[in-house]
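A short reminder: the numbers here are calculations on the coordinates, not readings from a lab. Small disclaimer: the values here were computed from a predicted structure and weren't measured. Here the Cβ positions follow ideal geometry from the backbone for every residue, glycine too, while neighbour counts run over all protein chains shown.
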Amino acid sequence: MCGIVGYIGTKQAFPILIKGLHRLEYRGYDSAGVALINTDKRLNVYKAKGKVADLEQVASDKDISGTIGIGHTRWATHGEPSDVNAHPHISQDEKIALIHNGIIENYETLRSQLEAAGYTFKSETDTEVLVQFINYLMELNHTDLCTAVQMALNQVTGAYAIAVIEKGNPDTIIAARKSSPLVVGIGEGEFFLASDASPFVEYTQKVVYLNDEEIAILSRGEELKIKTLNNIEKTPQIKLLEMNLSQLEKGKYPYYMEKEIFEQTKTLKTCLSGRINLDCDNIAISGFFDNKERFLNAERIVITACGTSWHAGLIGMYAIEEFARIPVTVEYSSEFRYRNPVITKNDVVIAISQSGETADTLAAMEIAKNAGAFVFGICNVVGSSIARLSDAGCYTHVGPEVGVASTKAFTAQVLVLQMLALTIAKERNCISKDRFTALLSEMNKLPKKIQTILKLNDKLEAFSRTFTYASNFIYLGRGYNYPIALEGALKLKEISYIHAEGYPAAEMKHGPIALISEEMPVVVIATSSSTYEKVVSNIQEIKARKGKVIAIVTEGDDVVSKLADYCIQIPNTEECLSPVLTVVPLQLLAYHIAVAKGKDVDQPRNLAKSVTVE
Ligand code: AGP
């Protein structure tokens, strides 16, 4: 939540910051701001409630010159979205400007301390407390900015990625992180700084991911310096980016979400490639093979994640238990971290996260690691905090996912979990050679089958318009497709603001059936499966109560097709792999309903792509 960006070099900073903020808007978009130091060494700060475009408007007739600057796009935690609560925040003497992603937990204590020392505050934010505190320590100790930042951070609790600049000093940006992401880009005579590498991908491929409690000193004309809060110098570990500019552009699509739904044929191929061999009798997941014994000796596997990644985890549980016969539990990271769970060194904990920065999932991993469990991460963002905290892991490799509603990351997470389940099963001799090969060759066919489903886009768009009236939806699925009912409902809720609930189909008669009426659209996943007939009975029950049924069925189905009001036929596949297909029409349904309702699909209200606060 919140995106931060910084630049120091030979170019004008403002256009770089603005472009960078647009790319980081997925992290928060309720207000934005920049601070620049011009050639007269003056500090100019511009802020605006709303999106980055509103900030551009505000700054359009102002002095935006300067080759050093910092910028911020906000997702409010402390204080409502407003001009005054927007970042950068400045110290009372207007000398220091600071941007922040995270939460300073002891800000109230610090604020009282500063008020007693005569400081006054303009905003309700924890960030303003931090910048005033740095200013206070600088004055009190007659020290430089970097030392004051270091002293301040040694006294704050919470999470932060910050960047700080100082009036009169156009040659230095000080940055630091703890539990919020921060990456430095190293160009020719210039440095970039951002929450992820997207703001500077066209300028440099050389990056340094800061570690927790590290401070980076970005000085004009000098090498990058990194030191810890305890003043220990570190050699910057330079990595090369895997991202490219075209992955960050929408291309012909009006929204990133649509682009990302359509990309799934390609992303699933990338996710599979190099993992399943030509004969379909082997899967290469290096993170698994390097730590095979931990998996094979596991008494239990605990999967932890949030939101959509948690839904993928549920499918992982079904697959690991079915094929590998190891008991699995799936935990919301936010619950797991606070409920004093029993974890032992014989447990394997799988953490799933697209962003790799979700605060609750990171905290759950820490708990598991402290208890001696082996932690395996499934992440999309290379070099992210979760990827680095994991003992081993596997990337989904779907490229940057920009739309706030997760789509292509989800299908790849499901596929990675399926590959992991089959790998463990094979190593434990729980699956026959033929069955293993059959499942792998079917996995290879999934990208083509998604292509077939995407051809139904126009049909889905047309009937989506019928449902813009609805204020509630029910989604039903069973077995492997129960998590897809949850995921379909989440997609609709988050981008169209229509209330939607997902249930295991058989649970309907235990309560939700009371909601069924002519007004109620019910999406039922009724593809061919071991419980198909039972799902058909559920559809009969809905029709008997005049509910509107939208059914996802397998090609050639002539039973449900006659019962349902709207029917989407998708290619047949193995039951365990069906979620990778059944979710696609539900992604498109949610997308088209939201677009028809005029919603901002990529930046739905109140949400942020990367939830770095608990
Ligand atoms: C998905 O559409 C959501 N926006 C959200 O539930 C998301 O999946 C969740 O916040 C977890 O994020 P992560 O995968 O980056 O950890």
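Looking at the range 511-590 from every direction and averaging, what is the projected area of its Cα convex hull in nm²? Averaging across all directions leaves 5.3 nm² for the Cα convex hull. Ranked by the mean number of other Cβ atoms within 10 Å of their residues, highest first, the peptides 29-41, 438-450 come out as 29-41, 438-450.
Please give the FRET efficiency for Leu278 paired with Ala514, using the beta carbon to beta carbon distance and R0 = 51 Å, rounded to the nearest 0.05.
Values: r = 53 Å, r/R0 = 1.05.
Efficiency, from the Cβ-Cβ distance: 0.45.
How high is the relative contact order of the range 434-532, given as a whole-number percent (alpha carbon pairs under 8 Å, six or more residues apart)? Present the calculation step by step, with values, prior to reporting the outcome.
Values: 96 pairs, mean separation 28.6, N = 99.
Here the relative contact order equals 29 percent.
Using the C-alpha atoms of the range 113-270, what convex hull volume per residue, in cubic angstrom, is computed?
Convex hull volume per residue, Cα atoms: 168 Å³.
With a threshold of 32 Å on the Cα-Cα distance, the over-threshold entries among Lys19/Lys122; Lys269/Lys426; Lys433/Lys548; Lys252/Lys426; Lys408/Lys534 are Lys433/Lys548; Lys252/Lys426.
Database remark: amide H of Thr554 closer than 5 angstrom to the amide H of Ser528, Ile570 (H placed geometrically; neighbours at sequence offset of 5 or more, or on other chains; Pro and chain starts carry no H).
Taking the Cα centre of the chain as origin and assigning +1 to Lys and Arg Cβ atoms and -1 to Asp and Glu Cβ atoms, the resulting dipole is close to 1140 debye.
When you restrict to C-alpha pairs under 8 Å that are six or more residues apart and normalise by the size of the range 212-283, the relative contact order lands at 13 percent. In sequence order, the range 245-255 has phi-based couplings of 4, 4, 5, 9, 9, 6, x, 7, 8, x, 9 Hz under the Karplus curve 6.51 cos²θ - 1.76 cosθ + 1.60, θ = phi - 60°, and Gly or Pro positions carry x.
If we count other beta carbons within 10 Å of each Cβ, what is the order of Lys543, Lys426, Lys609, fewest first? Intermediate results must be reported in sequence, preceding the final value.
Values: Lys543 16, Lys426 20, Lys609 23.
Fewest to most other Cβ atoms nearby, the residues stand as Lys543, Lys426, Lys609.
When the convex hull of its Cα atoms is viewed from all sides, the range 295-346 shows a mean projected area of 3.6 nm².
Just how large is the dipole of the range 183-319 about the Cα centre, in debye to the nearest 20, putting +1 at every Lys and Arg Cβ and -1 at every Asp and Glu Cβ? Intermediate values should be presented prior to the final figure.
On the way: 15 positive and 20 negative charges, 47 e Å.
I would put it at about 220 debye.
So for the chain, taking the charge dipole from beta-carbon charges (+1 Lys/Arg, -1 Asp/Glu), which of Gly511, Leu248, Leu607 sits furthest toward the positive end? Of the candidates, Gly511 comes out farthest on the positive side. Dividing the summed helix terms, -39500 (n - 2.57) for each DSSP H run of n ≥ 4, by the number of residues in the chain produces a 222 nm estimate of -10500 deg cm²/dmol to the nearest 500.
How do Asp212, Asp281, Asp290 line up, fewest other C-beta atoms within 10 Å first? Let's see the in-between values first.
Working: Asp212 17, Asp281 14, Asp290 10.
Listing Asp212, Asp281, Asp290 from fewest to most nearby Cβ atoms yields Asp290, Asp281, Asp212.
Can you tell me the order of 505-512, 122-129, 577-584 when each peptide is scored by its average per-residue count of other Cβ atoms within 10 angstrom, highest first?
577-584, 122-129, 505-512
Note on the chain: Cα-only Rg and Dmax are 25.5, 81 Å.
Take each of the peptides 63-74, 368-379, average the number of other beta-carbon atoms within 10 Å over its residues, and list them starting from the highest. Each step should come with its number before you reach the end.
Working: 63-74: 25.5, 368-379: 21.2.
Those peptides, ordered most packed to least, come out 63-74, 368-379.
About the Cα centre of the range 7-159, how large is the charge dipole given +1 on each Lys and Arg Cβ and -1 on each Asp and Glu Cβ? Please answer in debye to the nearest 20. Spell out each step's value before the answer.
Details: 14 positive and 19 negative charges, 114 e Å.
Its charge dipole is roughly 540 debye.
Looking only at the range 467-614, where both bridge partners belong to it, what percent of the DSSP beta bridges are antiparallel (to the nearest 5)? Walk me through the numbers on the way to the answer.
Values: 0 of 20 bridges.
Bridges in the range 467-614 are about 0 percent antiparallel.
In the chain, the DSSP beta bridges split such that about 60 percent are antiparallel, to the nearest 5.
Within 10 Å of each residue's Cβ, count the other Cβ atoms and sort His142, His397 from fewest upward.
Working: His142 8, His397 18.
Ranking His142, His397 by Cβ neighbours within 10 Å, fewest first, gives His142, His397.
Phi-derived couplings, Karplus 6.51 cos²θ - 1.76 cosθ + 1.60 at θ = phi - 60°, listed residue by residue for the range 84-90: 6, 7, 5, 8, x, 9, 10 Hz, with x used for Gly and Pro. Taking the range 166-241 as the region of interest, the number of lysine pairs whose Cα atoms are within less than 17 Å, with members eight or more places apart or on different chains, is 6. In this structure, the pairs whose alpha-carbon distance is over 22 Å, taken from Lys259/Lys609; Lys448/Lys493; Lys259/Lys493, are Lys448/Lys493. Backbone amide hydrogens, once placed in the peptide plane, bring Gly28 within less than 5 Å of Cys2, Lys609, excluding anything fewer than 5 places away on its chain.
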